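The values are calculated or read from the model by the stated rules, or taken from the named source; none is laboratory data. The structure displayed is predicted, hence computed values, not measured ones. Backbone-built Cβ (ideal geometry, glycine too); neighbour counts: all protein chains shown. To get the accessible areas, we keep the full protein, side chains included, count just its heavy atoms, and leave off ligands, DNA and RNA. Shrake-Rupley method; radii C 1.70, N 1.55, O 1.52, S 1.80 Å.
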Amino acid sequence: MTKRAFFFFALFFVAFAIAIPVWATSKEGDASSSPEAVSDDQAYAKELFATNCGSCHTLAKAGTDGIVGPNLDDLLGDAPDPDANVPRVQTAIQNGVQGRMPAGILQGTNADLVAEFVAANAGQ
């Protein structure tokens, strides 16, 4: 291998094996990174959802794109009365869902806030 070929190989290696992963992992998101804005009174519920539910569930208003659980925008977004989804979401949070979603991820007021947030914002 010539010195010139070795140089280009080394440059390629550094760019793709070191620089790109370092650049990608240095990016940090934050609670305000969602493309969808929510009202101030829903900000805490959005944060709770993103922290406790967002790794599994997709919800555009929360800025999450979970990969395990159902997409809540699709599942709940077609309801003619979004408030009708509040008890459905509360039940899922409290009791879990058929062994796929653990029970009691959130408790009390926090569970209620998230249920209301999801019901109000699914499919928005």
Whether any residue in the range 86-99 is modelled with pLDDT under 90 and either loosely packed, with under 15 Cβ neighbours inside 10 Å or on the phi > 0 side of the Ramachandran plot (or both) is what I want to check. yes
Search result, residues across the range 70-89 that are part of a loop (DSSP other than H, G, I, E, B) and among the small types (G, A, S): G77, A79
How about the range 100-111: which of its residues are part of a loop (DSSP other than H, G, I, E, B), modelled with pLDDT of 90 or more and within 18 Å of the chain's Cα centre (by Cα)? P102, I105, L106
Going through the range 100-118 in order, the residues found to be of a type in the set (A, V, I, L, M) and loosely packed, with under 13 Cβ neighbours inside 10 Å are A103
Taking G54 as the residue in question, decide whether it is in contact with a Pro (Cβ under 9 Å, 6 or more places away or on another chain), of a type outside the set (S, T, N, Q), at pLDDT 90 or above and open to solvent by less than 80 Å² (accessible area, probe 1.4 Å). no
Any idea which of (1) aromatic (F, W, Y); (2) open to solvent by less than 50 Å² (accessible area, probe 1.4 Å); (3) modelled with pLDDT under 85 is the one F13 doesn't satisfy? (2)
Within the range 55-69, track down each residue that is in a loop (DSSP other than H, G, I, E, B), touching a strand residue (DSSP E or B) at 6+ places or on another chain (Cβ under 8 Å) and without any contact (Cβ under 8 Å) to a residue 40 or more places away in the chain. S55, H57, G66, G69
